[in-house]
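Every number in this text was worked out from the coordinates using simple rules, so none of it is lab data. Predicted model, so just to flag it, every value in this text is computed and none were measured. Methodologically, a virtual Cβ is constructed for each residue, glycine included, from the backbone with ideal geometry; neighbour enumeration extends over all protein chains shown.
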Amino acid sequence: MTGAETRAEIRAEIDALIVRHFEHLPTLPADQCPLSVPLYGAEEVSGALRALLEQQVTMGSQVREFERAFADFIGSKHAIMVNSGSSANLLAISVLAERSVERGLRPGDEVVVPAVTWATTVAPILQLGLVPVLVDIDADTLNMRADGLREAISARTRAVMPVHLLGNPVDMAPLMEIAREHDLWVIEDTCESLGSEIAGQKVGSFGDFGTFSFYFSHHITTIEGGMLVTNDDLLHDLARSLRAHGWSRDMSNRVELEHENPSIDPHFLFVNLGYNLRPMESQAAFGLVQLRRLEEFNESRRENARYLADALGDLSQHGVRLVTEQEGGRSTWFGFSVLLNDAGRRRALCDHLEARNIATRPIVAGNLVLQPAFRDNPHRVVGTLENATSIGERGLFIGNHPSLTPAHLDHIVLAFRDFFAS
């Protein structure tokens with residue numbers, strides 16, 4: 001038997017052991033409803049392990065294959081895999097701040113963002129010397145509104161960063177119209193909404209950049225990981241360079257750059273100030289399997305949300321408001337969001353649900369202006385941010401993932417009803 005045949009036999013034995021392991025995993029008890037659970041199985045683990053066994057570990061052919069498949073799924077020309085969704089946001093802002101980008105972002109320029117989002121939507125704006133301009137969100141969709149963007153625009157505004165929050169798509173058509181009117185860059189933070197659509201188009205594909213996260217609890221996972229998509233060749237080239245140290249080796253004009261710098265060894269030719277945001281081959285192997293399962297996952301999330309909305313809709317008589325799917329939108333329901341009419345009742349409801357093993361979270365970070373990291377750094381606020389503050393005080397979401405069974409959903413419904421019955 002040759003060495004290659006022996007290795008193939010060993011890999012087959014390992015694959016069989018992995019399958020057996022997953023066949024004997026315990027099921028999630030019906031009275032346990034965590035925020036998320038592992039959504040990967042034997043095929044993902046076998047793919048990742050194969051990359052390790054073949055000793056192809058850092059960014060290579062698997063990453064390139066995943067990038068191509070992901071771009072096709074979203075409907076974008078290019079995709080650039082990175083090590084997290086937060087890094088995808090950082091990379092997008094950094095590329096637009098490059099000196100070679102016409103109309104690029106410069107220190108002191110303003111970027112309009114919703115006041116309710118994750119910290120690493122706003123952090124890169126500050127880290128690049130830009131000024132975040134925080135606008136209120138719509139109380140029904142939890143997302144930025146076009147009229148809020150229009151009101152926020154000043155002579156220094158250069159970009160807008162809409163966030164598709166918790167699976168709910170932003171209404172992009174009016175926002176894109178305003179962006180074109182004012183010549184604004186558009187970076188869609190789609191980290192919580194992979195596969196969501198508005199007007200039949202996948203979110204993340206409207207703007208100059210779309211960013212995505214593959215964190216453990218998100219729509220698909222590579223454990224940690226993220227992606228950046230764009231239709232622009234120059235932005236794509238710069239993103240590939242900045243992702244890996246700012247070197248030239250991943251750029252389409254690599255040969256030209258080498259000829260311009262003949263005294264420098266092309267192995268280590270640095271043409272931009274970059275980072276190390278590279279993903280691993282094992283992550284891409286995970287992602288390739290997970291991407292094939294995404295639509296199945298998302299349909300499960302949508303079915304769960306429909307069930308909970310139907311079962312809990314009559315709690316409106318107790319001052320409960322549910323976030324619903326907007327007309328023309330297809331939400332992928334990262335979580336199931338609930339708003340109460342009183343901050344005290346929200347805390348009491350969270351305690352009640354947690355005591356019944358139903359994990360809860362605030363609606364992302366609430367009003368970011370109130371968070372010390374952003375309160376104490378340069379920013380501009382448009383209006384009172386009344387909805388953002390109210391949602392931070394009165395809103396919560398519970399986990400929604402494909403592993404929830406009808407028994408889990410009934411446990412959730414009963415816990416809500418017990419609380420309001422008392």
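Quick notes on this one:
- Virtual spin-label span in nm between R375 and E102, 7 Å along Cα→Cβ: 4.4 nm
- Remark: relative contact order (the chain) = 22 percent; criterion is Cα-Cα distance under 8 angstrom and separation of 6 or more residues.
- Exposed GluC sites (Glu not before Pro) absent: longest stretch of the chain, with sites in DSSP loops and at most 13 other Cβ within 10 Å deemed exposed: 103-326
- The stretch between H318 and R292 holds 5.2 nm of extra length on full extension. This uses 0.36 nm per residue minus the Cα-Cα distance.
- Shape parameters for segment 46-284, alpha-carbon atoms, Rg then Dmax in Å: 17.8, 60
- Residues in segment 297-311 reached by a label modelled at R356 [backbone nitrogen below 20 Å; 7 Å Cα→Cβ]: 304-311
- Rounded to the nearest 20 debye, dipole of segment 46-284 from Cβ charges on Lys, Arg, Asp, Glu: 440 debye
- Largest-first ellipsoid semi-axes for segment 317-366, taking √(5λ) over the Cα gyration tensor eigenvalues, angstrom: 22, 14, 10
- Calculated FRET efficiency, R347 to Q201, Cβ-Cβ distance, R0 = 41 Å: about 0.55 to the nearest 0.05.
- Whole-Hz ³J(HN,Hα) from phi, Karplus 6.51 cos²θ - 1.76 cosθ + 1.60, for segment 93-107, glycine and proline x: 5, 5, 4, 5, 8, 5, 5, 7, 8, 5, 6, x, 6, 10, x
- Mean separation of Cα contacts under 8 Å, 6 or more apart, over the residue count of segment 295-421: relative contact order %: 37 percent
- Share antiparallel - DSSP beta bridges, the chain, percent rounded to 5: 60 percent
- The helix-based estimate of mean residue ellipticity at 222 nm for the chain, built from -39,500 (n - 2.57) per DSSP H run of four or more residues and divided by its residue count, is -13000 deg cm²/dmol to the nearest 500.
- Calculated FRET value between A4 and N261, using beta carbons and R₀ = 60 Å, to 0.05: 0.90
- Efficiency of FRET from Cβ geometry, F22 and E181, R₀ 60 Å, rounded to 0.05: 0.70
- The residues packed around L349, meaning those with a beta-carbon under 14 Å from its beta-carbon, carry a net charge of +3 if Lys and Arg are +1 and Asp and Glu are -1.
- Per-residue Karplus couplings for segment 198-215, computed as 6.51 cos²θ - 1.76 cosθ + 1.60 with θ equal to phi - 60°, are listed in order as 9, 6, x, 10, 5, 5, x, 9, 7, x, 5, 9, x, 10, 9, 10, 10, 4 Hz, Gly and Pro entered as x.
- Dipole moment magnitude, nearest 20 debye, the chain about Cα centre, only Lys, Arg, Asp, Glu C-beta charged: 620 debye
- The base-10 log of I(q)/I(0) for the chain, evaluated at q = 0.08, 0.09, 0.12 Å⁻¹, reads -0.48, -0.60, -1.01 [Debye formula, identical scatterers on Cα atoms, solvent excluded].
- Listed values for segment 406-421 are Karplus-derived 3J(HN,Hα) couplings in whole Hz (6.51 cos²θ - 1.76 cosθ + 1.60, θ = phi - 60°), namely x, 5, 4, 5, 5, 4, 5, 4, 4, 5, 4, 5, 4, 5, 7, 5, and x replaces Gly and Pro.
- For R330, net neighbour charge (Lys/Arg +1, Asp/Glu -1) across residues whose Cβ lies under 12 Å away: -2
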